[in-house]
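Report on the following structure.
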Amino acid sequence: MSIEIPEGLTELLQRFTVEVLRTQPGDLLEFALRYFTQLRESDSKEAASGNGQNSANRAAKAVNFAVEAMQINSENGEDDDEDDDDEEFVAPVINRFIRRPSVCAEAFNPDDEEEDKEPRITHPKSDEQRRRLQEACSDILLFKNLDPEQMSQLLDAMFEKLVEAGEHIIDQDDDGDNFYVIERGTFDIFLKVDGAERSVGCYDNRGSFGELALMYNTPRAATIVATSPGALWG
């Protein structure tokens, strides 16, 4: 199938493209509508008056349209205000019609890494310890979607930590090592504000803490201090 380019299409699109690049309109559709509407009105007037200088008139019209468009953009706040500093930074116009480039990454297949995995860490537990640990983890949001096998692996990897009143479990700005689930005991939460530590909350015999530093590889976000003897699962 052969396609014939209509006469004048190339010139028309070239002129329109030049005006778009010159004026950098914020709304391309609105700009195109006004541009071609005014161009049609100009051609109609020229045809009615029998003026043969179409090319010159179109060129003059294009210049006037560009000036008008820049004035409208200025009135709408799209152009920067005049400033005595000649080197003032002018923010680029963001055109919502330009597609963002796609971001590609190499696909990851977990099965390819199976042979390189380190042996799974397990901490032996009595049936009583395992029961207590499972109860402590039952309300933890992070574990809600684990299937039975994953939950079993998680319980195997956790270890019991007994604490005394006044013991610092984690300190703000330290590197993260463990995530803790509370089995029993009370714990205060402290944040450094203007160089001083302030209590911002507490845990009372339930809850968990310490996951953010591990999930996002960031320093500890708060200090946790035991206010009674208790037990944690790390």
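Of the chymotrypsin sites (Phe, Trp or Tyr not before Pro) found in the stretch 184-224, those that fall in a DSSP loop while having at most 14 other beta-carbon atoms within 10 Å are Y216. Sites listed here are trypsin sites (Lys or Arg not before Pro) in the stretch 152-234 whose DSSP assignment is loop and whose Cβ has at most 15 other Cβ atoms within 10 Å: R206.
Structural descriptor for the stretch 140-215: relative contact order 29 percent, calculated from alpha carbon pairs under 8 angstrom and at least 6 residues apart. Would you please classify the overall shape of the stretch 119-234 from the alpha carbon gyration tensor, given that a ≥ b ≥ c denote the square roots of the eigenvalues, rounded means a/c under 1.5, and beyond that prolate means a/b larger than b/c while oblate covers the rest? In terms of gyration-tensor shape, prolate. Amide H to amide H, with H built 1.01 Å from N, R184 comes under 5 Å of A231, counting only residues 5 or more places away or on other chains. Taking amide H atoms as placed 1.01 Å from N in the peptide plane, the amide H of I169 lies under 5 Å from those of I224, V225, A226, each 5 or more residues away in sequence or on another chain. Solvent-accessible area of T218, all protein chains in place: 60 Å² (probe radius 1.4 Å, heavy atoms, ligands and nucleic acids excluded). Would the stretch 183-234 count as rounded, prolate or oblate if I go by the C-alpha gyration tensor, calling it rounded below 1.5 in a/c and otherwise prolate when a/b exceeds b/c, oblate otherwise? The shape class here is oblate. Summarising the label geometry, the points placed 7 Å from Cα in the beta-carbon direction at S199 and L9 lie 7.8 nm from one another.
Among the GluC sites (Glu not before Pro) in the stretch 1-30, those located in a DSSP loop and surrounded by at most 10 other Cβ atoms within 10 Å of their own Cβ are E4, E7. Taking θ as phi - 60° and the Karplus parameters 6.51, -1.76 and 1.60, the scalar couplings of the stretch 129-145 work out to 4, 5, 5, 5, 5, 5, 5, 5, 8, 5, 9, 7, 4, 4, 9, 4, 9 Hz in sequence order, x denoting glycine and proline.
The values are calculated or read from the model by the stated rules, or taken from the named source; none is laboratory data. All values reported here derive from a predicted model rather than from experimental measurement. A quick note on method: Cβ atoms are made from the backbone with ideal geometry, for glycine too, and the neighbour counts reach across all protein chains shown. Surface areas here come from the heavy atoms of the whole protein model, side chains and all, with no ligands, DNA or RNA. Shrake-Rupley method; radii C 1.70, N 1.55, O 1.52, S 1.80 Å.
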